[in-house]
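No value in this document is a laboratory result; all are computed from the given coordinates. All values derive from a computational prediction rather than experimental measurement. Using ideal geometry, Cβ is built from the backbone for each residue, glycine included, and neighbour counts are taken over all protein chains shown.
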Amino acid sequence: MPFGNTHNNFKLNYKVEEEFPDLSKHNNHMAKVLNKDIYAKLRDKQTPSGYTLDDVIQTGVDNPGHPFIMTVGCVAGDEESYEVFKELLDPIISDRHGGYKPTDKHKTDLNFENLKGGDDLDPNYVLSSRVRTGRSIKGYTLPPHNSRGERRAIEKLAVEALTSLDGEFKGKYYPLKSMTDAEQEQLISDHFLFDKPVSPLLTCAGMARDWPDARGIWHNDDKTFLVWVNEEDHLRVISMQKGGNMREVFRRFCVGLQKIEEIFKKHNHGFMWNEHLGYILTCPSNLGTGLRGGVHVKLPKLSTHPKFEEILTRLRLQKRGTGGVDTASVGGVFDISNADRLGSSEVDQVQLVVDGVKLMVEMEKKLEKGEAIDGMIPAQK
Amino acid sequence: MASSFTRILSSKRNVGILSLVGGSVAAGFLLHREHVTAGEPLRRRYPASAEYPDLRKHNNCMASSLTPAIYAKLCDKATPNGYTLDQAIQTGVDNPGHPFIKTVGLVAGDEESYEVFAELLDPVIKERHNGYDPRTMKHPTDLNASKIQSGVFDERYVLSSRVRTGRSIRGLSLPPACTRAERREVERVVVDALSGLKEDLTGKYYSLTLMTEQEQQQLIDDHFLFDKPVSPLLTCAGMARDWPDGRGIWHNNEKTFLIWINEEDHTRVISMEKGGNMKRVFERFCRGLKEVERLIQERGWEFMWNERLGYILTCPSNLGTGLRAGVHVKLPRLSKDPRFSKILDNLRLQKRGTGGVDTAAVGGVFDISNLDRLGQSEVQLVQTVIDGVNYLIECEKRLEKGQDIKVPAPIKQFK
């Protein structure tokens, strides 16, 4: 429940023209879709928890965006936001997720055995493999909107669920508020610790409120399965390891997620999911699977090839620097991951990563030998 | 004005007039009105104890005063516009503070915040304003610049003189809470009034959304342009929302009278000039303020003000006069003297670097200004600065001649 505009009825004393944001210099999905008609239609609505249209769009109003990078420009405050503000969110979802229609159905498939191969990516090139997703817990509002009481209840429930795991998933929770200096150092060295968000995309949406209250990190003893609590989503679930065995990473991902989901269901707080949008998360860009499966891979030659971008696009992959989103690559090492989230299943998306990275490593080897790769360039997937 | 708008506004103006007439009557009226017209009770799914913020690592005025009992009492209340306690304290929760610097840790979303959340705000005000008790004391307002004595400094020491304050437009929410329409209304009301200023106060408005590159560069060179707030103290309170919509800068052609619109307050009013003629700076300040007030009153508006708290501004630290009168003054010897801080304290002055709050001094030049805001009038505070700076200059001169200086006796507060 961010600021000012919370008591929506007061605002209705002003005309639409008086309240409509100035989006003339903006370049984000929200600004492309929102017009005075939609604003007029939705401005007097609110979700059962009191989230309003102005709350949804505040981050997009405050962050005009960039001519080259198209951000989403809106967030959900709760599960119902996607229903109540459908008229705004459906076109944004369609724009962001390759034409996904309001009538489309999303397939969920967390059966790791359906993945073909993926255990033989060349470790001389593939340095590490990782799969992440997010999960929202039904019955609670989302990070832009939740109160301290709610956030603490989410943490409590998450910790109960996670600490009951055993076997390869046996682990420990480190609350941000009370971790020791030694624990903090260790989590930083392991590259596990997340920071208070500084990106205005997140802070303008109210996600950093009350930091670090009820935020924390859980990981298993093996340090291969990690859960962030109350960062940008209720839960961010990460499976990772060094080397190229994406199959194993995905297996652990699926098994771990399903174990966690069972426990939440027993507490009558399953995950937010529906058959149209798949898993419901804070940012519309993460709907569907919310999955980003990727590798850190050495592609010094391929990355400088003129057709690199086209190859990525055809393989339905995206590149990032090794620091994650909005970073540059270092030493020819790229973070390569799936571009899609909604409209294809977890297995489909990880399959694309596995097949695509395998192909790109073959191309890199060819280029090393001075051979051409034109014959290997794939058709659009 | 739109008819529905007039309706809301006239009810708010009535409240304002009552406040001027009688403090306790107004407070009673306001409290009664809050009870009747406040927004729907908040849907609280958790008890207050589950929502109470963790303030154990915090060092700000809000954290010092917000007990679980006060939180429980106020957490379900809202001002007539719907502003809540959680919104008011958010900035203090998000910014734990510093062991040496005690920030206020809360803001007002509207005029009524100071009434609805009085149980928290009164002790915060008391702590921040050195014992001023809003429940029992009255704040004097005095903008009669002719009362100032000897307000022209030795220009071998004083490089520039400046007086600033803020003003809020009654009936419109403050920057942490205002809607886009309200913010634009503030801009319209103020710009319209300023266009009526004449003679040495004639000037022009530069909207942040519409200014040209050239205008922007000129304003930067003049040191007039304000930036989008980056301090988390302000951003966590929601003051940077919708930037730069509804924001702008007005200044007179002579560049000696300047108004910021919709930055941290509805308006910040600044009178300044090079050199040491503080008397003239203050005279223009008072004249300009009174003229702007007359112009907005002609159009049916007024400033937020009451007897207990003086001029109402966003941050409780700026209540009363909201006034900071200061000079840039060369004190290379005095500033190195170990007694410097004590001298300033006793004179009720504070030092800042020449970049303003939270900056360091450069080349022995300091920004020296009044410490107090509430409980003394504008005339009293400016006189305090004049007398104090004159004393500091005397000390510097004595040190130049190798003579000793004396720490003055502390001056009384709340004259």
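Numbers for the structure displayed
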item: Charge dipole (debye, nearest 20) of segment A:6-97; +1 at Cβ of Lys and Arg, -1 at Cβ of Asp and Glu; result: 240 debye
item: Estimated [θ] at 222 nm from DSSP helical runs (n ≥ 4, -39500 (n - 2.57)) normalised by residues in chain B, nearest 500; result: -11000 deg cm²/dmol
item: For segment A:112-369: relative contact order, % (alpha-carbon pairs under 8 angstrom, 6 or more apart); result: 27 percent
item: Euclidean distance between Cα centres, segment A:251-269 to segment B:285-358, Å; result: 59 Å
item: Segment B:145-401 - charge dipole about Cα centre, Lys and Arg +1 at Cβ, Asp and Glu -1, debye rounded to 20; result: 680 debye
item: Net length gained if the chain between B:Lys412 and B:Lys102 were fully extended (0.36 nm per residue, minus Cα distance); result: 109.3 nm
item: Computed E for B:Arg188/B:Asp76 - FRET, C-beta separation, R0 45 angstrom, nearest 0.05; result: 0.80
item: Relative packing of peptides B:281-288, B:251-258, A:300-307 - highest average C-beta neighbours within 10 Å first; result: B:281-288, B:251-258, A:300-307
item: Rel. contact order, % - alpha carbon contacts under 8 angstrom, at least six apart, segment B:129-272; result: 32 percent
item: Distance (nanometres) between label positions extended 7 Å along Cα→Cβ at A:Lys86 and A:Leu359; result: 3.7 nm
item: Residue among A:His296, A:His267, A:His29 with the largest mean-square fluctuation in a Gaussian network model of chain A, springs linking Cα atoms under 10 Å; result: A:His267
item: Projected label distance in nm at B:Arg156 and B:Val230, using a 7 Å step from Cα toward the beta-carbon; result: 4.0 nm
item: Max mean-square fluctuation residue, GNM over chain A, Cα-Cα springs under 10 Å, options A:Lys15, A:Lys358, A:Lys45; result: A:Lys15
item: Computed over chain B: relative contact order in percent, which uses C-alpha pairs under 8 Å that are six or more apart; result: 19 percent
item: In segment A:238-381, lysine pairs with alpha-carbon atoms under 18 angstrom apart (chain gap of 8 or more, or interchain); result: 24
item: Segment A:185-223 and segment B:220-255: distance between their alpha carbon centers, rounded to Å; result: 31 Å
item: Among B:Arg162, B:Arg180, B:Arg308: highest mean-square fluctuation, GNM of chain B, C-alpha pairs under 10 Å; result: B:Arg180
item: Estimated FRET transfer efficiency when R0 is 35 angstrom, pair B:Glu213-B:Glu254 (beta carbons, to 0.05); result: 0.90
item: Restricting segment A:306-381 to GluC sites (Glu not before Pro) in coil, as DSSP defines it, with at most 14 other Cβ within 10 Å; result: A:Glu371
item: Average other protein chain Cβ within 10 Å of Cβ, residues B:240-246; result: 5
item: Number of partner chain Cβ atoms within 10 Å, mean per residue of A:201-214; result: 3
item: Selected from B:Asn252, B:Ser341, B:Asn262, residue furthest toward positive end of dipole (segment B:145-401; charges at beta carbon); result: B:Ser341
item: Other protein chain Cβ atoms within 10 Å, averaged over every residue that makes up B:173-183; result: 5
item: Cα-centred dipole magnitude for the protein assembly as shown, charges only on beta-carbon of K, R (+1) and D, E (-1), debye, nearest 20; result: 1400 debye
item: Highest average packing first - B:326-335, A:330-339, Cβ atoms within 10 Å; result: B:326-335, A:330-339
item: Cα-based reach from A:Lys177 at 19 Å (exclusive), listing lysines while leaving out same-chain residues under 8 positions away; result: A:Lys156, A:Lys196, B:Lys57
item: Over 25 Å between alpha carbons, listed pairs A:Lys11/B:Lys126; A:Lys45/B:Lys77; B:Lys274/B:Lys351; result: A:Lys11/B:Lys126
